[in-house]
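Here's the structure, in structure tokens; my notes come after.
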Amino acid sequence: MKSILSMLAGAAALTIGLAAMPAMAADDDGIVVYNAQHESLAKEWAEAFTKETGIKVTLRNGGDSEFSNQIVAEGKASPADVFLTENSPAMALVDAAGLFAPIDADTLALVPEQYRPSDGKWVGIAARSTVFVYNKDKLKEDQLPKSLLDLADASWKGRWGASPSGADFQAIVSALLELKGEEATATWLKAMKDNFKPFKGNSTVMKAVNAGQVDGGVIYHYYYFGDQNKTGENSKNVVQYYFKNQDPGAFVSVSGAGVLASSKHAKEAQAFVKWLAGKGGQDVLKAGTSFEYAVGNGAESNAKLVPLADLQAPKIDPQKLNSKKVTDLMTAAGLL
């Protein structure tokens with residue numbers, strides 16, 4: 001991941017604006033969005049929102065952990081109006097600091113309860129499923145782990161990979177912590193340290209599986225679909241396995257959107273978040289190539305994806321995912 005300094009130095013702000021519509025337009029500066037979602041997806045969202053409303057959007061791109069900690073450090077002086085993430089632990093960190101304004105009730109009503117926190121301070125706008133990817137030439141279906149927890153067994157030593165430094169994997173560990181508790185999580189992480197091979201980034205994990213460097217790996221689903229949608233060269237030997245059965249390995253991570261309490265353009269910021277959670281933002285997920293899940297009520301995801309309802313994901317309040325405790329446990333296990 002980029003450091004905050006390199007991120008701020010290297011990521012140019014993207015300003016998007018069309019002719020203002022009187023009923024919706026913000027002032028000349030529009031809204032500033034701290035964006036930890038994929039840059040291409042956020043750009044697509046911002047452009048479509050601006051085209052529809054006339055409200056300008058400035059995207060400042062970075063990572064979940066960097067931006068969440070930056071917002072906490074900036075406090076009420078943050079220039080951000082909206083915060084977008086890939087995973088919900090970053091939202092929970094800002095929420096715990098009391099820096100989010102409540103999301104408008106009609107926006108919350110657009111998204112099922114399982115894809116938003118119980119306190120209503122932010123809302124889910126997309127989701128991604130945990131998967132075990134495996135090399136079809138090295139593993140058969142009856143040799144696959146029945147649970148994420150099975151990867152702690154010594155029989156998996158040196159045979160699976162992950163990217164522990166990334167917010168994606170840390171969100172998965174957050175779910176494990178919430179579902180199984182601190183002792184079980186610490187034990188699993190210690191076994192992971194003994195068994196797994198570390199890689200930098202989910203795409204790198206998948207490439208290693210594809211090349212046969214490891215038998216399998218734990219990543220999110222959309223990396224496979226994204227590669228298949230291009231050349232497929234990094235996934236031609238890869239098969240995705242969904243744990244299901246409410247297993248920790250079936251965790252569905254929620255991407256969130258929140259309005260900063262310090263925003264000077266609260267009306268426009270709330271409008272952007274409502275648009276993301278509503279038909280406009282969700283249709284971008286259906287028609288585009290991010291291959292992330294749409295989460296709005298009645299919203300359809302890309303037809304290539306396994307339906308959300310079929311994933312049998314465990315039910316977890318996104319507000320309870322604890323990124324600080326997870327990083328402490330992973331550090332103690334020697335993974336960070």
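The values are calculated or read from the model by the stated rules, or taken from the named source; none is laboratory data. Bear in mind the structure is a predicted one, so any value in this text is a computation, not a measurement. Here the Cβ positions follow ideal geometry from the backbone for every residue, glycine too, while neighbour counts run over all protein chains shown. The accessibility values were calculated without ligands, DNA or RNA, using every heavy atom of the protein model including side chains. Shrake-Rupley method; radii C 1.70, N 1.55, O 1.52, S 1.80 Å.
Under a GNM of the chain (C-alpha, springs under 10 Å), which listed residue has the highest mean-square fluctuation: Gly217, Gly232, Gly278?
Most flexible of the set in this elastic network: Gly232.
Just want the answer: with Cβ charges of +1 for Lys and Arg and -1 for Asp and Glu, which residue in Met206, Tyr242, Gly280 is farthest toward the dipole's positive end in the chain?
Met206
Loop only by DSSP, 15 or fewer other Cβ within 10 Å of the Cβ. Give me the trypsin sites (Lys or Arg not before Pro) in the stretch 246-336 that pass, ordered by residue number.
Answer by residue number: Lys264, Lys304, Lys315.
Answer with one residue from Ser165, Ile103, Gly75: the one whose Cα lies farthest towards the positive end of the charge dipole of the stretch 73-176, charges on Cβ with Lys, Arg +1 and Asp, Glu -1.
Toward the positive end, the furthest listed residue is Ser165.
Have a look at Ala257, Ala266, Ala73 and tell me which one the Gaussian network model of the chain (Cα, springs below 10 Å) gives the largest fluctuation.
Answer for the Gaussian network model of the chain: Ala73.
For a quick check, take a GNM of the chain with Cα springs below 10 Å and name the residue from Ala127, Ala42, Ala154 with the largest mean-square fluctuation.
In the Gaussian network model the winner is Ala154.
Karplus couplings for the stretch 242-249 from phi (6.51 cos²θ - 1.76 cosθ + 1.60, θ = phi - 60°), rounded to Hz, Gly and Pro as x?
Values per residue, Gly and Pro as x: 9, 5, 6, 6, 6, 5, x, x Hz.
Which of the listed residues, Ser290, Asn302, Ile316, is farthest toward the dipole's positive end in the stretch 284-336, when Lys, Arg count +1 and Asp, Glu count -1 at the beta-carbon?
Farthest towards the positive end: Ile316.
Using a basic spin-label model with each label point 7 Å from the Cα along Cα→Cβ, how many nm lie between Lys180 and Glu47?
Rounded to a tenth, the inter-label distance reads 4.3 nm.
Please state the charge dipole magnitude for the stretch 162-307, taken about the Cα centre, from unit charges on C-beta atoms (+1 on K and R, -1 on D and E), reported in debye and rounded to the nearest 20.
Using Cβ point charges on Lys, Arg, Asp and Glu, the stretch 162-307 gives about 300 debye.
Could you tell me which of rounded, prolate or oblate describes the stretch 111-208, using a ≥ b ≥ c as the square roots of the eigenvalues of the alpha-carbon gyration tensor, with rounded for a/c under 1.5 and, failing that, prolate when a/b is larger than b/c and oblate otherwise?
prolate
Roughly how much of Glu233 is accessible, in Å² to the nearest 10, using a 1.4 Å probe?
Glu233 has an accessible surface of roughly 110 Å² with all protein chains in place.
State whether the stretch 44-131 is rounded, prolate or oblate according to the following rule on the C-alpha gyration tensor (a ≥ b ≥ c being the square roots of its eigenvalues): a/c under 1.5 gives rounded; otherwise a/b larger than b/c gives prolate, and the remaining case gives oblate.
Rounded is the answer for the stretch 44-131, as its axis ratio a/c remains below 1.5.
Only one of the listed values, (1) 16.0; (2) 20.4; (3) 19.4, was derived from the coordinates as mean projected area of the Cα convex hull in nm²; which label is it?
Given (1) 16.0; (2) 20.4; (3) 19.4, the structure-derived one carries the label (1).
I want to check the label-to-label distance for Glu233 and Leu336. Put each point 7 Å from Cα in the C-beta direction and report it in nm to one decimal.
About 3.5 nm separates the two model spin labels.
Are there DSSP H segments in the chain that both extend 30 Å or more along their axis (alpha-carbon positions) and score a mean Kyte-Doolittle hydropathy of at least 1.0? List them, or say none.
Both cut-offs are met by no helix.
Step through the residues of the stretch 138-151 one at a time and calculate ³J(HN,Hα) from phi using the Karplus curve (6.51 cos²θ - 1.76 cosθ + 1.60, θ = phi - 60°), rounding each to whole Hz and writing x for Gly and Pro.
10, 9, 9, 4, 6, 9, 6, x, 7, 9, 4, 5, 5, 5
Grab the Cα-Cα distance for Val306 and Lys193, subtract it from 0.36 nm times how many residues apart they are, and report the gain in nm with one decimal.
Result for the pair: 37.6 nm of gain on full extension.
Where nothing but the Cβ of Lys and Arg (+1) and of Asp and Glu (-1) is charged, how large is the charge dipole of the chain around its Cα centre, in debye to the nearest 20?
My answer is approximately 680 debye.
Using 0.36 nm times the number of residues separating Lys244 and Ser40, minus their current alpha carbon distance, what extension gain do you get?
This chain segment gains 70.5 nm when fully extended.
Which of the pairs Lys180/Lys320; Lys138/Lys180; Lys157/Lys325 have their Cα atoms more than 24 Å apart in this structure?
Lys138/Lys180; Lys157/Lys325
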